[in-house]
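Have a look at the structure below before the remarks.
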Amino acid sequence: MSFTIPQPFISIKEIVKTCAEDEIYSLKLPIYFHSSYIEELLKTNSTTPRFIYIARKGQKFDGNNLAKKILNSGNFFIGEMESIQKIYASEAQKLFENKLFISVKSTEQTLNMALEKSFKIQTENFFTIAVTGTNGKTSVTQITANLLQELYKENILKIGTLGVQFGNIILPVSHVTTPDYPAFLNILATAQENNVKKIILEYTSHGLQENRLGKWPIDIAIFTNLTQDHLDYHKTMANYRSAKQLLFSQCLTKNGTAIININNNEWEHFINAALGKNRNLIAVGNSKLHAEIKTRYGENFNSITFVYIENTISNLNGISGKLVVQNLQRIEHQFSCLLIGEFQFENILCAAGVGIALKFSLEQICGAVSKIQNIPGRLEKIDASQKLLPTVLVDYAHTPDALEKSIQTCKKTLSPNGKLITVFGCGGDRDASKRPLMGKIAFEQSHFVVVTSDNPRTEDPNKIIDDIFGDAHETEKHMRECDRRKAIEKAILLASKNDVILVAGKGHEDYQIIGTTKYPFSDADVVKSILEKL
């Protein structure tokens, strides 16, 4: 199965109503706004414009620097006069006089408007679910999408850490976890072209703070949890929380549904952000809080529903329990699935909340849950051909809270004489304050720890390891190995058949960033190659 990715086309006349009466301004041309494509586009010489380039200012490159090159090639350039003046100084006036130069007040607003017109995106054609939280966004997105695909028997568009996915197909597009609005519109156009109408996406604190999706309406908003992360960007936990609350206070539709995980201390902030007489609240987890929430917020929502799990069982074969829904009456149904880890109960609750909001029966939801497969890089068990080898789990845990939960989950699977060996590092050019916290958790709760590199980026990897150790020192239980492949190999060679090895931090990633270069590297593939040689 393949998907059509549409190219946006528009005329200058449609962008700037006041332009002169000239046929050249009525030409329907493709829009480009990524500077990386320009060199290839300019190889073809022509006296007639072949494309429209809209200049954007990025963190590393300002598209206005391409004005002269694009205008000289005979193509349209849309930019801001102030930026051109700064870059070209005395040459700027000559560029302004070129009829292929189009001046606008804001290239971002112009680009958004041009894409909206070109793609003819209709918000009412889509149903959008957004997930925010420190940990669990990717798992909830994947689990919920798989649940809905099973219930609706149709493809669900997934946008997040694992890429842009239509069903099981990953589109070859480049973006951060939450794309900016132009990239989002391009993705929506692809969905529209292929009759995909339901979207679930990860909405990060960065994306919310920067309003990356503009005024796009969210029909169901999900909050997973809030723990320390991204303080290099937000500076304080209060700022971090406020950014995530925007999903509920500004993005959620007036009659939308808020699904709030109440198994953490931040739930009140998010319920308060979601208040609305026409909105519905689904509170998942912690049955002890139900009476308090009903009393405090009963008049503030159209309806309040509670969803929780009883009789939980978790081991390396998966998880199971009794899913309970409490509203005017209590209903319950048994479920089981192959997901590993107790924290997955919270993720399943969030996904089940979506099913309930969409009016599926509990029996239908539990049936769909039973068919959910494990998620790449989320406590992913790497199978070995020999039973005498240790169990190795690869996980994306890269925050203190996530690492602690993963370690605790692994310890509960140990046999009486088994040990837990943890291999992890911390990313460079990111929040450094969490490094000693993660080191302390790993050292105190693992039997043995190998501290290694994650994605060091432009930082010295040995300095990052020093930060992780903090006041601790290498001992017979804690060692350092900067080379990640060697670190994983040392952990496996140290282990016996009854031990569990947790390789944390990178999960599904198939690269390692050293300096500014991405090198091929997959924890899962490295583990498999080592196990196969034993």
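The values are calculated or read from the model by the stated rules, or taken from the named source; none is laboratory data. Note that this is a predicted model, so its numbers are computed, not measured. Cβ atoms come from the backbone with ideal geometry, glycine included; neighbour counts cover every protein chain shown. All accessible areas refer to the heavy atoms of the entire protein, side chains included, with ligands and DNA or RNA removed. Shrake-Rupley method; radii C 1.70, N 1.55, O 1.52, S 1.80 Å.
Of all beta bridges that DSSP places with both ends in region 353-498, some 30 percent have antiparallel geometry. Here region 228-247 is scanned for amide nitrogen atoms under 19 Å from the site 7 Å beyond the Cα of E444 along Cα-to-Cβ, giving 228-229. For region 186-230, trypsin sites (Lys or Arg not before Pro) meeting the loop criterion (DSSP other than H, G, I, E, B) and having at most 12 other Cβ atoms within 10 Å: K215. Projecting the Cα atoms of F443, S314, L379 onto the dipole axis of region 304-443, where Lys and Arg carry +1 and Asp and Glu carry -1 at the beta carbon, places F443 farthest toward the positive end. Taking a ≥ b ≥ c as the square roots of the Cα gyration tensor eigenvalues, region 107-159 comes out oblate, since a/c reaches at least 1.5 and a/b does not exceed b/c. The 1.4 Å probe gives accessible areas that order Y32, Y519, largest first, as Y519, Y32.
The Rg/Rh ratio of region 122-241, with both radii computed over alpha carbons and Rh defined as the Kirkwood radius, is 0.96.
Based on alpha carbons, the Rg and Dmax found for region 329-444 are 17.4, 51 Å.
With all protein chains in place and ligands, DNA and RNA left out, the 1.4 Å accessible area ranks M479, M81, M438, M237 as M81, M237, M479, M438, largest first. Rounded to the nearest 10 square angstrom, L201 shows an accessible area of 0 square angstrom against a 1.4 Å probe.
Placing R0 at 56 angstrom, the Cβ-Cβ distance between Q334 and D483 gives a FRET efficiency of 0.75 after rounding to 0.05. Pairs from the table (K158/K197; K158/K277; K137/K359; K419/K477; K158/K254) lying more than 18 angstrom apart at Cα are K158/K277; K137/K359; K158/K254. Computed from the C-beta positions of H34 and N417 and an R0 of 51 Å, the FRET efficiency is 0.35 to the nearest 0.05. Here's the list of lysines a cross-link from K17 could span, going by alpha-carbon distance under 28 Å and ignoring same-chain residues fewer than 8 apart: K28, K57, K68, K69, K86, K94, K99, K105, K117, K120, K215. Evaluating 6.51 cos²θ - 1.76 cosθ + 1.60 at θ = phi - 60° for every residue in region 342-355, the Karplus couplings come out as 4, 4, 5, 4, 5, 5, 5, 4, 4, 5, 4, x, 5, x Hz, glycine and proline recorded as x. For the pair Q228 and K371, the difference between a 0.36 nm per residue extended length and the Cα-Cα distance amounts to 48.2 nm.
With charges set only on the Cβ (+1 for Lys and Arg, -1 for Asp and Glu), what does the dipole of the chain come to about its Cα centre, in debye to the nearest 20?
Computed charge dipole of the chain: roughly 620 debye.
Counting only the backbone N, which residues of region 345-359 are under 20 Å from the spot 7 Å out from the Cα of K294 toward its beta-carbon? Only 353, 356-357 pass the distance filter.
Convex hull over the alpha-carbon atoms of region 277-403: what's its volume per residue in Å³?
138 Å³
Summarising the label geometry, the points placed 7 Å from Cα in the beta-carbon direction at T458 and N65 lie 1.4 nm from one another. With all protein chains in place and ligands, DNA and RNA left out, the 1.4 Å accessible area ranks L437, L66 as L437, L66, largest first.
When the Kirkwood hydrodynamic radius is evaluated over all pairs of different C-alpha atoms of region 1-109, what value in angstrom, to one decimal, is obtained?
Working: mean 1/r = 0.0691 Å⁻¹.
When all Cα pairs of region 1-109 are included, the Kirkwood radius is 14.5 Å.
For the chain, the mean residue ellipticity at 222 nm estimated from helices alone is -9500 deg cm²/dmol, where every DSSP H run of n ≥ 4 contributes -39500 (n - 2.57) and the total is divided by all residues, rounded to the nearest 500.
When percent of Cα pairs over 31 Å apart is calculated directly from the model, which label among (1) 57; (2) 53; (3) 62 fits? So the calculated entry is the one marked (2).
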